[in-house]
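The values are calculated or read from the model by the stated rules, or taken from the named source; none is laboratory data. Since the model is a prediction, treat every value here as computed from it, not as a measurement. Note that we place each Cβ from the backbone using ideal geometry, even for glycine, and neighbour counts take in every protein chain shown. Just the protein is used for accessible areas: all its heavy atoms, side chains included, with ligands, DNA and RNA removed. Shrake-Rupley method; radii C 1.70, N 1.55, O 1.52, S 1.80 Å.
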Amino acid sequence: HSGLSDGTGTPEDYYLYARDIAALDVAALTDHDHWGMQPISETPELWEGVRKQVQAFHEPGRFVTLLGYEWTSWLHGHRHVLYFTDEGQVLSSVDPAFESPLQLWDALRGQPALTVAHHTAGGPIATNWQIPPDPELEPVTEVSSVHGSSEAPDSPRVIYSPVEGHFARDALDRGYRLGFVGSGDGHDGHPGLSHLASPNGGLVAILAEELTRAGILEALRSRRVYATNGPRIVLHVTLAGEPMGSSLVSGVGQPRTLEVMAVAPDVLDRIDVIRSGQVVRTFAGTGSRELSVTEPIADLESGEYLYVRVVQADGGAAWSSPFFVD
């Protein structure tokens, strides 16, 4: 967030820092729709200023900028709205035409746009998971931000004021197919490094074929992403040779090989394997910043999911997007 809502600095400051200091590949400034002295949903010149900075800093192949804002519903939870072109509207959550997620998705349908549920398990407000995420417009969900982890109650640095049943793992248990991303949600003008000034943070690693808006959109829609709570952990995970986020056919009696390779900036404590709501295997670290494991996964049945969680000794963590079984 910038000073346009409840953060600091200008949109130009934000993108300069993201590109030149934090060395991000992709950044999205998502100020609140109706939060601030002059809400951007009611102040077209402020939104136009954001749009111009997004366009000015966009440099495919080097630094990709996304036009976005935060849909700030105190009934259904907050969501990032991201546009993958230079154009897009602020569809405010206090506008009766866009006050529910279903209305928001209907208004965005057909556009190169996505939404991402934010601090889903609690913090300011938990996500209303009774409304299923739109499979086209919301293929991923946030598991970490400055507010803490929304992955599961047993994750490192759990979000404050968590609400039972609202974690990302609870959403998977409902049958929702969601990849995992992290979002900074920094308010102090340090996008990409918000975890240095807070107990927690959030970043997304996007496994795209090219550093373009189209490439990033394709990777997000394919759930070919993983999340960290700040540290830039390199994580490579495949199941039966397929990349994270993939859907596999069921195979009772047919073991699939899970391969994990993690390289971290700090000593790794462990790798957890989570299958359909349970930690089924933990591989202890060896006092190193690198850890690789290979594990057979047997009898995957329709409706199951599986992902890995990598944890540093200091609580820094990364989460692969889940694999899903058809």
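In terms of the Cα gyration tensor, with a ≥ b ≥ c the square roots of its eigenvalues, is the stretch 74-138 rounded because a/c is under 1.5, prolate because a/b exceeds b/c, or oblate? Prolate.
Per-residue accessible area (protein heavy atoms, 1.4 Å probe) orders S41, S145 as S41, S145, starting from the largest. Rounded to the nearest 10 degrees, the inclination of helix 11-20 to the longest alpha-carbon principal axis of the chain is 40 degrees.
The spacing between the stretch 64-82 and the stretch 1-28, judged by their C-alpha centroids, is 16 Å.
Within the assembled protein chains, the solvent-accessible surface assigned to I40 is about 10 Å², based on a 1.4 Å probe. Just checking the listed ones, G202, G123, G175: in the Gaussian network model of the chain with Cα springs under 10 Å, the one fluctuating most is G175. To the nearest 20 debye, what is the magnitude of the charge dipole of the stretch 1-67 about its Cα centre, counting +1 on the Cβ of each Lys and Arg and -1 on the Cβ of each Asp and Glu? Result for the stretch 1-67 is approximately 220 debye, rounded to the nearest 20. Note on R157: accessible area approximately 80 square angstrom, rounded to 10, probe 1.4 Å, nucleic acids and ligands left out. The label point for L196 and the one for E218, both projected 7 Å from the Cα toward the Cβ, are 3.4 nm apart. Computed about the Cα centre, the dipole magnitude for the chain is approximately 680 debye when only Lys and Arg (+1) and Asp and Glu (-1) carry charge, each at its Cβ.
Taking label points 7 Å from Cα along the Cα-to-Cβ direction, N128 and D188 give a separation of 3.4 nm. Convex hull volume of the C-alpha atoms in the stretch 13-119, normalised per residue: 106 Å³.
Across the stretch 27-164, the mean sequence separation of Cα contacts (distance under 8 Å, 6 or more residues apart), normalised by length, yields a relative contact order of 19 percent. Fully extending the segment from S302 to V263 would add 10.9 nm, taking 0.36 nm per residue of separation and subtracting the current Cα-Cα distance.
In terms of accessible area, using a 1.4 Å probe and ignoring ligands and nucleic acids, Y15, Y176 rank largest first as Y176, Y15.
Enter the angle in degrees (range 0 to 90, nearest 10) between the Cα long axis of helix 44-57 and the first principal axis of the Cα atoms of the chain, meaning the one along which they spread out most. The angle comes out near 50 degrees. The listed residues E304, E259, once ranked by accessible area (1.4 Å probe) with the largest placed first, stand as E259, E304. Normalised size of the stretch 87-224, defined as Cα radius of gyration per 2.2 N^0.38 Å with N residues, equals 1.05. With contributions of -39500 (n - 2.57) from each DSSP H run of at least four residues, the per-residue ellipticity at 222 nm computed over the chain stands at -4000 deg cm²/dmol.
Across the chain, the mean sequence separation of Cα contacts (distance under 8 Å, 6 or more residues apart), normalised by length, yields a relative contact order of 14 percent.
Taken about its Cα centre, the stretch 128-211 carries a charge dipole of about 240 debye when Lys and Arg each add +1 at the Cβ and Asp and Glu each add -1 at the Cβ.
Each Lys or Arg adds one and each Asp or Glu subtracts one; over the other residues with Cβ under 14 Å from the Cβ of V146, this totals -4. For V181, the residues whose modelled amide H falls within less than 5 Å of its own, excluding neighbours fewer than 5 places apart on the same chain, are T141, E142, V143. Converting phi to 3J(HN,Hα) with the Karplus coefficients 6.51, -1.76 and 1.60 and the offset θ = phi - 60°, the stretch 201-217 yields x, x, 9, 10, 9, 10, 8, 9, 6, 8, 8, 9, 4, 5, x, 5, 4 Hz in sequence order, with x at every glycine or proline. Accessible area of T294 (1.4 Å probe, protein heavy atoms only, ligands and nucleic acids ignored): about 90 Å². Label positions at K52 and E290, each projected 7 Å from the Cα along the C-beta direction, are separated by 4.9 nm.
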